[in-house]
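Take a look at the structure below.
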Amino acid sequence: RLPPKVWECDPPPTDAERERGHLPDQPSAFFALEGGAGSASRCYHPRHLVLGGRAEAPPAFDYARAPDPAAPHVAMQYVQRSVLRNALALASALGWQLVRPRLWALCERHWWHLKDCRLPGNPLPMPYDAPYDTLFNLEDWNQAGAEDGAAAGPIQLAEEGEVRGLEARRLHLLPPSDGGGGAAGGSVEGDLVLPHGTSFDAAARFLRPRLGNASGGRRAVVELDVRSLLRFSPCGFDDEAAAARFQRRVVERLFRGQYSYCGEERNPHVDAMLANARAKHQPEEPLLMTRRNCTGQPANDFNKPKVDLGPEALRYLPRGACGE
């Protein structure tokens, strides 16, 4: 879920609605109801939009009901970052490499004038298989891994082709209704199973002997789906030192970069505002820095809402918060 009170919306779709739905080609289609009526009832509009004023925008424009096509993209990035963080945490606990997962995007990475999250005239299909530099600052990734002044090297992700043909075992974490807590596990039809809420270090203790026996010392692959990755303990690790080390070495370095998305849909007044400034020989940059309506990282004043997808948003809870 996104941080609370970021968007003021109707309730999110039910699980049944999600199961029936497909990611639309147009991000703004997320806001349309069946039948096409009331397209802003799930608008995810931010609470604080900068108004353009009568001289700068049509007075009939309803800012409060202007959909934000970047909202589905940002929500999807929050989920993907949580999944990627958990996958890295399990790999860290095992001392293994993570096979680079595919990531998806519903917005192009561009600083301004997106139309339905695309550059005007660009027929890019949505969602698209996103390169990592669309979602992250790869300079941070290349520097990650160096810890406490010692050059430990960058975080290395294996490519899918490198593990093709290796023995693979599937790992499932059970949903909450099927039990939780503890590290006891078993297997179902050859798949490995752990309870909901298992920590990463407990999962590593469970997996090592089973994978070692199964693979005879050869390299092996553990496969997890997204649902299982999101069912690990929200506290991450049993070992507080391991949790702090992972936060410092991985989360704070890989997840500090995020981007902003500025759509035409919520900025109908900007062109007129800038033309007015030029006519008065006023600087344009201060206006762009304060009077645009964009969605993204808290560091930018023009982002409304400011959505934190960075290290603090992805920090695991302290052990005491998990009832242990």
Show me the ranking of peptides 227-238, 103-114 by mean Cβ neighbours inside 10 Å, starting with the highest.
227-238, 103-114
Can you give me the solvent accessible area of Arg278 with a 1.4 Å probe, rounded to the nearest 10 Å²?
120
The alpha-carbon center of region 235-273 and that of region 94-128 are separated, in whole Å, by 15
Net charge of neighbours whose Cβ lies under 15 Å from the Cβ of Ala299, counting Lys and Arg as +1 and Asp and Glu as -1:
0
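The values are calculated or read from the model by the stated rules, or taken from the named source; none is laboratory data. This is a predicted model, so every value here is computed, not measured. For neighbour counting, all protein chains shown are included, and Cβ atoms are generated from backbone atoms with ideal geometry for every residue, glycine included. SASA here: full protein model, heavy atoms, side chains in, ligands and nucleic acids out. Shrake-Rupley method; radii C 1.70, N 1.55, O 1.52, S 1.80 Å.
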